[in-house]
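Asks: Take this structure, written in structure tokens, and hold onto it; I'll ask about it next.
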Amino acid sequence: VLLLAISIAGPLTIASKGLTATVIAKDQFIAFYLAQDAVEQVRFLRDSACLAAGGTCGAGQWLSNLSACVSTDGSTTCYLDSLATHPAVPTACSGTCPLLKFDSANKYFNYNDRMPQTPQRFVRTISIRNDPLGSSPDEALITVTVSWQDIAGVNRVPVTVREIILRWQ
């Protein structure tokens, strides 16, 4: 019986570790895609501001749709629902940004409070630093951070995506 117990314990331990690693990897993939979704939405809002101005936008106008996220030092944070009305306007975070919610019927994340959705463990924070290098007001650094706790309540290393966008017109 002892030999049988020892021979079964090893493979069960390996299977348990593999399952844990799979859950962590799944959460990392979700976090990366949520961060990339926010970057794409920021690009959309930048382009919408320029196109709404007739195709030409000035130095103060190209980030007008993102004013809740923009600062000169990157300390202002906001959250953005990419499924809201177009163009969606970001909302400044007071303290910490809210948890994303998951619509299991349609399989997407958002911040909609009107529909019965399940709050998730993911918090997405966006900050935009205008003129990050101090040489051109025609560029901005987008930083999107997605943090979460796993099922056991352990804080995982957040996923951070950074990208520099330009005033292209």
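The values are calculated or read from the model by the stated rules, or taken from the named source; none is laboratory data. Note that this is a predicted model, so its numbers are computed, not measured. In this analysis, Cβ positions are derived from the backbone assuming ideal geometry, glycine residues included, and neighbour counts consider all displayed protein chains. Side chains are part of the model used for accessible areas, which takes the heavy atoms of the whole protein and leaves out ligands, DNA and RNA. Shrake-Rupley method; radii C 1.70, N 1.55, O 1.52, S 1.80 Å.
Asks: In the range 124-139, which residue that is modelled with pLDDT under 90 and under 22 Å from Ala52 (Cα atoms) is surrounded by the most Cβ atoms within 10 Å (Cβ to Cβ)?
Replies: Taking the candidates together, the pick is Asn130.
Asks: So in the range 18-52, with the set limited to residues that are among the small types (Gly, Ala, Ser) and farther than 16 Å from Leu166 by Cβ, which one is modelled with the lowest pLDDT?
Replies: Within the range 18-52, the match that is modelled with the lowest pLDDT is Ala52.
Asks: What number goes with the only condition from (1) under 21 Å from Pro158 (Cα atoms); (2) touching a residue at least 40 places away in the same chain (Cβ under 8 Å); (3) among the β-branched types (Val, Ile, Thr) that Val70 does not pass?
Replies: It fails just one condition, (1).
Asks: Between a first residue in the range 34-58 that is in contact (Cβ under 8 Å) with a residue 40 or more places away in the chain and a second residue that is in a helix (DSSP H, G or I) and aliphatic (A, V, I, L, M), which pairs have beta carbons less than 8 Å apart while being 6 or more apart in sequence or on different chains?
Replies: Qualifying pairs under 8 Å: Val42/Leu66; Leu45/Leu66; Arg46/Leu66; Cys57/Ala49.
Asks: Also, I was wondering about something else. Can you tell me which residues in the range 28-40 are open to solvent by 20 Å² or more (accessible area, probe 1.4 Å) and of a type outside the set (Phe, Trp, Tyr)? Let's see the steps before the verdict.
Replies: Initially, the range 28-40 is screened for residues open to solvent by 20 Å² or more (accessible area, probe 1.4 Å), giving 28-30, 32-33, 36-37, 40.
Of everything in the range 28-40, those that are open to solvent by 20 Å² or more (accessible area, probe 1.4 Å) and of a type outside the set (Phe, Trp, Tyr) turn out to be Gln28, Ile30, Gln36, Asp37, Glu40.
Asks: Moving on. For the range 140-169, give me the residue count where each residue is surrounded by 15 or more Cβ atoms within 10 Å (Cβ to Cβ), closer than 18 Å to Phe29 by Cα and of a type in the set (A, V, I, L, M, F, W, C).
Replies: Residues in the range 140-169 being surrounded by 15 or more Cβ atoms within 10 Å (Cβ to Cβ), closer than 18 Å to Phe29 by Cα and of a type in the set (A, V, I, L, M, F, W, C): 5 in total.
Asks: Could you list, in sequence order, all residues of the range 66-85 that are open to solvent by 40 Å² or more (accessible area, probe 1.4 Å), at pLDDT below 85 and closer than 15 Å to Arg43 by Cα?
Replies: Leu83
Asks: Can I ask one more? Kindly indicate whether any position in the range 9-18 is over 23 Å from Glu139 (Cα atoms) and not in a helix (DSSP H, G or I). Working first, answer last.
Replies: Residues of the range 9-18 over 23 Å from Glu139 (Cα atoms): 9-18.
From the residues that got through so far, the ones that are not in a helix (DSSP H, G or I) too are none.
No; the residues of the range 9-18 include none that is over 23 Å from Glu139 (Cα atoms) and not in a helix (DSSP H, G or I).
Asks: Mind listing just one residue for me: the one in the range 86-113 that is of a type in the set (Ser, Thr, Tyr) and part of a loop (DSSP other than H, G, I, E, B) and, of those, least open to solvent (accessible area, probe 1.4 Å)?
Replies: Applying the filter and picking the extreme gives Tyr111.
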